[in-house]
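Just so it is clear, none of the values below were taken in a lab; they were calculated from the coordinates. As the structure is a prediction and not an experimental result, all values here were calculated from the model. Reconstructed Cβ throughout: ideal geometry from the backbone, glycine too, with neighbour counts over all protein chains shown.
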Amino acid sequence: MPSGKSAALLAMEQVAISAHKCWIASKDPAFKQYQMANELNSFSGQPRFLLVPAKHYGGKPLLVVQAQGNSSHVDVFGPLMNDPLGARISSDVARWQAGNPACAATA
């Protein structure tokens, strides 16, 4: 059965799996106050995941990572990007989007 996945969904799956593994499952102290809300099967054509406050799951997203349509370009935005953590989030997402699932940039 051929996969009907869009380029956006394929890109986001890769990024979301790495983000969960590296930020959440690893118990990274920088991300311990957040939890991930996965919305990859969104019917809006914008697969995405959110970081929300760990103690307030329905709270306003602090980070949105999403792709759209047939593009594998991933957009990252939200209040966390103005935080010191923003630079790390950008480099992590760029690395994962490029196909490297490593949790940290290797020197």
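The table below lists the values:
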read-out: Residues of the range 79-107 classified as within 18 Å of M12 (Cα to Cα) and in contact with a Lys or Arg (Cβ under 9 Å, 6 or more places away or on another chain), total; value: 3
read-out: Subset of the range 18-54 that is among the hydrophobic types (A, V, I, L, M, F, W, C) and exposed (fewer than 15 other Cβ atoms within 10 Å of the Cβ) - its residue that is farthest from L85 (Cα to Cα); value: F43
read-out: Filtered residues of the range 72-107 (kept if surrounded by 14 or more Cβ atoms within 10 Å (Cβ to Cβ), within 16 Å of L62 (Cβ to Cβ) and aliphatic (A, V, I, L, M)); value: V76, L80, M81, L85, I89, V93
read-out: The range 3-15 residues that are in a loop (DSSP other than H, G, I, E, B), paired with ones that are of a type outside the set (F, W, Y) (beta carbon under 7 Å, 6 or more apart); value: S6/G69; S6/N70
read-out: Enumerated strands (runs of 3 or more DSSP E) restricted to the range 45-100, each holding at least 1 residues that are aromatic (F, W, Y) and under 12 Å from the mean Cα position of the chain (by Cα); value: 48-53, 74-77
